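The structure appears right after this line, and notes come after that.
The values are calculated or read from the model by the stated rules, or taken from the named source; none is laboratory data. Keep in mind that what you see is a predicted model, and the values were worked out from it rather than measured. Glycine gets a Cβ as well: all are built from the backbone with ideal geometry, and neighbour counts include every protein chain shown. Only protein heavy atoms, including side chains, enter the accessible area calculation; ligands, DNA and RNA are left aside. Shrake-Rupley method; radii C 1.70, N 1.55, O 1.52, S 1.80 Å.
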Number of protein chains: 2
Amino acid sequence: MPNTVINTMEEIEEILEERGVRPTTMRLLIYKFLSEKRVALSLKDLENKFDRSDRTTLFRTLKTFEDKGIVHQIDDGSGVNKYAVCALECNCEIENDLHLHFHCNTCNETTCLTDHKIPQISLPAGYSAENVNLVVKGVCEKCS
Amino acid sequence: MPNTVINTMEEIEEILEERGVRPTTMRLLIYKFLSEKRVALSLKDLENKFDRSDRTTLFRTLKTFEDKGIVHQIDDGSGVNKYAVCALECNCEIENDLHLHFHCNTCNETTCLTDHKIPQISLPAGYSAENVNLVVKGVCEKCS
DNA sequence: AAATGAGATGCAACAGAAGTGCATTCTTTT
DNA sequence: AAAAGAATGCACTTCTGTTGCATCTCATTT
Ligand SMILES: [Mn+2]
Ligand SMILES: [Mn+2]
Ligand SMILES: [Zn+2]
Ligand SMILES: [Zn+2]
């Protein structure tokens with residue numbers, strides 16, 4: 001049950017414009033690539049895919065996407081940042097949108113478990129939460 | 001209410017030996033420093049403290065401590081690994097010992113909330129968990 | 001006590017990821 | 001067409017983590 005969504009280029013163009021991001025060719029391709037993968041991707045993954053484009057462009061595209069709420073960054077503990085497209089309703093808000101991420105120790109892939117919201121966390125007095133990152137490591141469905 | 005524990009050098013020596021780590025002078029000092037701080041420390045923090053010792057030694061000491069279950073590594077999303085001493089009973093096992101970590105966006109300090117265990121996480125069929133990392137970001141008691 | 005050997009430390013160098021300044025190219029607006 | 005603004009490409013830098021190898025320290029054996 002991959003949560004892969006195939007968007008037409010026209011749809012992607014709309015998504016980017018809605019978020020105030022100019023839909024250049026590279027950006028459309030990058031978004032398409034990200035959205036077709038069911039796992040989170042690193043800058044290196046983009047470099048491998050788009051070897052004719054410069055690292056910096058790919059890097060800044062990810063940053064732009066992140067700033068505009070088009071993708072979210074995932075720190076899965078591997079030491080490299082990964083990115084995955086946000087769901088349409090996602091605003092990366094702590095109240096409703098935070099899901100957990102699963103990192104497989106076998107295939108090293110990181111998956112968004114968008115249906116698995118992070119449970120309510122209680123904190124000591126005086127602490128206030130702005131963001132929560134929950135990464136479960138283990139063996140994924142495919143590798144078990 | 002800092003969970004700071006002051007150990008004598010003799011006590012620290014025992015702790016290291018129990019775990020099969022030879023209690024050299026540097027190791028004793030490093031353990032002491034770690035255990036007196038209520039926040040997780042990075043390699044850089046150790047470098048600043050022990051400027052007469054080599055980076056590599058500090059690095060390898062942390063690795064050794066981690067391997068032997070003397071400290072646990074914390075990935076707080078800041079991009080640098082941090083370390084904190086384990087509680088005595090801690091074996092870093094998923095069943096009983098996993099606590100959440102709090103990263104303050106103001107002072108950039110990361111705290112072990114050892115009393116706040118990570119709640120039970122449900123996973124989709126086919127996924128098995130070996131480890132869980134839960135980091136809450138926000139404003140800490142001190143900064144609020 | 002001297003020799004031995006394992007482990008710890010220090011130095012140097014490297015690898016990978018992230019980030020920045022600036023020149024160039026492309027796109028949109030006037 | 002000209003000008004302005006944004007995106008891209010190239011080079012270079014910084015930061016963190018990591019490893020190889022020589023040297024030193026210390027406990028044990030002879
Ligand atoms: Mn996700
Ligand atoms: Mn901790
Ligand atoms: Zn897997
Ligand atoms: Zn703080």
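Data table
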item	result
At q = 0.15, 0.16, 0.25, 0.31 Å⁻¹, base-10 log of I(q)/I(0) for segment B:24-63 (Debye sum, equal scatterers on each alpha carbon)	-0.28, -0.32, -0.82, -1.27
Estimated vicinal HN-Hα couplings, Hz - segment B:114-120 in sequence order (Karplus 6.51, -1.76, 1.60; Gly, Pro = x)	5, 7, 9, 6, 6, x, 4
DSSP-defined beta bridges in chain A - what % are antiparallel, rounded to 5	75
Highest-fluctuation residue, B:Ser122, B:Ser53, B:Ser78 considered, GNM on chain B with Cα pairs under 10 Å	B:Ser122
Shielding by partners, peptide A:110-123 (average Cβ within 10 angstrom, other chains)	3
When each of A:Lys63/B:Lys142; A:Lys49/B:Lys137; B:Lys37/B:Lys142 is checked by Cα-Cα distance, pairs over 26 Å	A:Lys63/B:Lys142; A:Lys49/B:Lys137
Partners for B:Lys68 among lysines (Cα-Cα distance below 17 Å; same-chain residues under 8 apart left out)	B:Lys32, B:Lys82
Label-point separation, A:Glu36 to A:Ser144 (7 Å along Cα→Cβ), nm	2.9
Mean separation of Cα contacts under 8 Å (6+ apart) over length of chain B, as relative contact order %	19
Förster-model FRET efficiency, 51 Å R0, A:Glu13 and B:Glu89, C-beta, rounded to 0.05	0.35
Ascending list, in nanometres, of distances separating the B:Glu10 label from those of the other copies (7 Å, Cα toward Cβ)	8.2
Segment A:3-144 pair-distance distribution - Cα-Cα, 10 Å bins, rounded %	11, 39, 35, 13, 2, 0
Sparse-neighbour loop sites [trypsin sites (Lys or Arg not before Pro); segment A:14-77; at most 12 other C-beta within 10 Å; DSSP]	A:Arg52
Nearest-first distances (nm) between copies at B:Asn108, label 7 Å from Cα via Cβ	2.9
Whole-number accessible area per residue in Å² for segment A:9-138, which is evaluated in the context of all protein chains at 1.4 Å	53
Mean residue ellipticity (222 nm) of chain A, computed from DSSP H runs ≥ 4 via -39,500 (n - 2.57), nearest 500	-8500 deg cm²/dmol
Label 7 Å beyond Cα on the Cβ vector: B:Pro119 copy-to-copy distances, nm	0.6
Additional length obtainable on full extension of the chain from B:Arg55 to B:Ala125, 0.36 nm per residue less Cα span	20.8 nm
Student exercise, chain A dipole from Lys, Arg, Asp, Glu Cβ charges, in Debye to nearest 20	560
Positive minus negative residues near B:Thr56 (Lys, Arg vs Asp, Glu; Cβ under 11 Å)	+1
Peptide B:137-144 - average C-beta neighbours from other chains (10 Å radius)	5
Loop-located GluC sites (Glu not before Pro) in segment B:51-135, at most 11 other Cβ atoms within 10 Å (DSSP)	B:Glu89, B:Glu93, B:Glu95
